[in-house]
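> Shown below is the structure under consideration.
The values are calculated or read from the model by the stated rules, or taken from the named source; none is laboratory data. The structure displayed is predicted, hence computed values, not measured ones. Every residue, glycine among them, receives a Cβ derived from its backbone with ideal geometry; neighbour counts consider all protein chains shown.
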Amino acid sequence: MPTDKDKELVHNRIAVLRAERGVSRRELATALGVHYQTVGYLERGEYSPSLHLALQIAEHFQVPVEVVFSLKPFPLIGSTTSQGDSK
Amino acid sequence: MTTVHTKREEKLLAAFQADVPSRYATQSGRRGLVYTSIVCLALFYASAVVCWALAPSDAAMYVTFACDGIGLVLGALVLGRMFVVTRGTTRLPDHLLDERQAMEKLRAHSTSHRLTLLLLFATMLLIELGMTSEGDHSPSAAVVVTFVALVVTVWVLPLLVTTWRMPDPIPDEDDA
């Protein structure tokens, strides 16, 4: 049974995108105009961003916002490929 | 979006960007700071109670100076650390806070507001009880000392709430 907190949880791929682009937390925070701890809390799922910040993050990584944020957990890397191969 | 307007704001922001000392990176460490500041506040209330009971007298004066003095010095040290631990969330002007910090500040002020209301009612009740048992005995020193205790409490409550609620800081990537 999902709790109220689970219902409000917004999953994100900020850490993956950051690692992929080689951007540090501080660099991303400076680009977004937020405290670097805020980026950390976002990555850890302890803070859900406003729509404005979510769009800013998507724009920074030049991807659609749904690539970065989702209401459902993102599939693990490789899990979709292996499912596709088995079909 | 944080926008620095003056040199002073730049200095403040730089001071609050520093890493939180490792001792306060845990919940127990931060709550230890809150407990210490509650002890400091209790000293102010202790002096108020002594004043209501003994003022005007030398004993009341010495106890008030001792309690408030210790509370002030120890409290200033603890508050300084709490400002750093909370990264100035309650200290910095709104335009220097990001949206998470601004929301945290609002939450802290809203919780403090509720606590302040309770505190005011509790104080009024205690004073009323004290006055009915002691007739119309209400020394002016006691009123002033009680007022000081209340002002200090109202001033520090948002900081206490923020420190209490704060999640563990994220270690910097180089330290992780």
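> Identify, please: which residue in the range A:38-61 is surrounded by 16 or more Cβ atoms within 10 Å (Cβ to Cβ) and not in a helix (DSSP H, G or I) and is, among those, nearest to the other protein chains (Cβ to nearest Cβ)? It would help to see each step written out before you state the result.
Quick first cut of the range A:38-61, residues surrounded by 16 or more Cβ atoms within 10 Å (Cβ to Cβ) only: A:38-43, A:47-49, A:53-54, A:56-58, A:60-61.
Imposing the further condition that a residue be not in a helix (DSSP H, G or I) reduces the set to A:47-49.
Working: A:TYR47: 5, A:SER48: 10, A:PRO49: 7 Å.
Once the filter is applied, the top-ranked residue is A:TYR47.
> Where residues in the range B:87-108 are at the interface with chain A (Cβ under 9 Å from one of its Cβ atoms), out of contact with any Phe, Trp or Tyr (no Cβ under 8 Å at 6 or more places or on another chain) and touching a residue at least 24 places away in the same chain (Cβ under 8 Å), which of them is farthest from A:TYR47 (Cα to Cα)? Write out each step before concluding.
Residues of the range B:87-108 at the interface with chain A (Cβ under 9 Å from one of its Cβ atoms): B:87, B:97-101, B:103.
Among the residues that remain, those that are also out of contact with any Phe, Trp or Tyr (no Cβ under 8 Å at 6 or more places or on another chain) are: B:97-99, B:101, B:103.
Add one more test, that the residue is touching a residue at least 24 places away in the same chain (Cβ under 8 Å), and what stays is B:97-98.
Working: B:LEU97: 15, B:ASP98: 12 Å.
Looking at the filtered set, the residue picked out is B:LEU97.
> Okay, moving on. Going by the conditions given, is B:VAL84 within 14 Å of chain A (Cβ to nearest Cβ) and either assigned to a helix (DSSP H, G or I) or out of contact with any helix residue (DSSP H, G or I) (no Cβ under 8 Å at 6 or more places or on another chain) (or both)?
Values: within 14 Å of chain A (Cβ to nearest Cβ): yes; either assigned to a helix (DSSP H, G or I) or out of contact with any helix residue (DSSP H, G or I) (no Cβ under 8 Å at 6 or more places or on another chain) (or both): yes.
Answer is yes for this residue.
> Output yes when any residue across the range B:118-135 is closer than 22 Å to B:THR163 by Cβ, surrounded by 15 or more Cβ atoms within 10 Å (Cβ to Cβ) and at pLDDT below 95, and no when none is.
There is at least one residue in the range B:118-135 that is closer than 22 Å to B:THR163 by Cβ, surrounded by 15 or more Cβ atoms within 10 Å (Cβ to Cβ) and at pLDDT below 95.
> Taking the stated definitions as given, is B:GLY71 surrounded by 16 or more Cβ atoms within 10 Å (Cβ to Cβ), under 13 Å from the mean Cα position of the chain (by Cα), at pLDDT below 95 and assigned to a helix (DSSP H, G or I)? Even if it seems obvious, please write down each step before you answer.
Numbers: surrounded by 16 or more Cβ atoms within 10 Å (Cβ to Cβ): yes; under 13 Å from the mean Cα position of the chain (by Cα): yes; at pLDDT below 95: yes; assigned to a helix (DSSP H, G or I): yes.
Spelling it out, B:GLY71 is indeed surrounded by 16 or more Cβ atoms within 10 Å (Cβ to Cβ), under 13 Å from the mean Cα position of the chain (by Cα), at pLDDT below 95 and assigned to a helix (DSSP H, G or I).
> Please work out which residue is modelled with the lowest pLDDT, limiting yourself to the range B:136-172 and to residues that are assigned to a loop (DSSP other than H, G, I, E, B) and over 24 Å from B:SER47 (Cα atoms). Reasoning before the result, please.
The first filter runs over the range B:136-172 and keeps only residues assigned to a loop (DSSP other than H, G, I, E, B), leaving B:136-139, B:166-172.
Narrowing further to those that are over 24 Å from B:SER47 (Cα atoms): B:166-172.
Working: B:MET166: 89, B:PRO167: 88, B:ASP168: 86, B:PRO169: 84, B:ILE170: 81, B:PRO171: 77, B:ASP172: 68.
It comes out as B:ASP172.
> Can you tell me which residue in the range A:6-37 is nearest to the other protein chains (Cβ to nearest Cβ), limited to those that are surrounded by fewer than 17 Cβ atoms within 10 Å (Cβ to Cβ) and of a type in the set (Ser, Thr, Tyr)?
A:SER24
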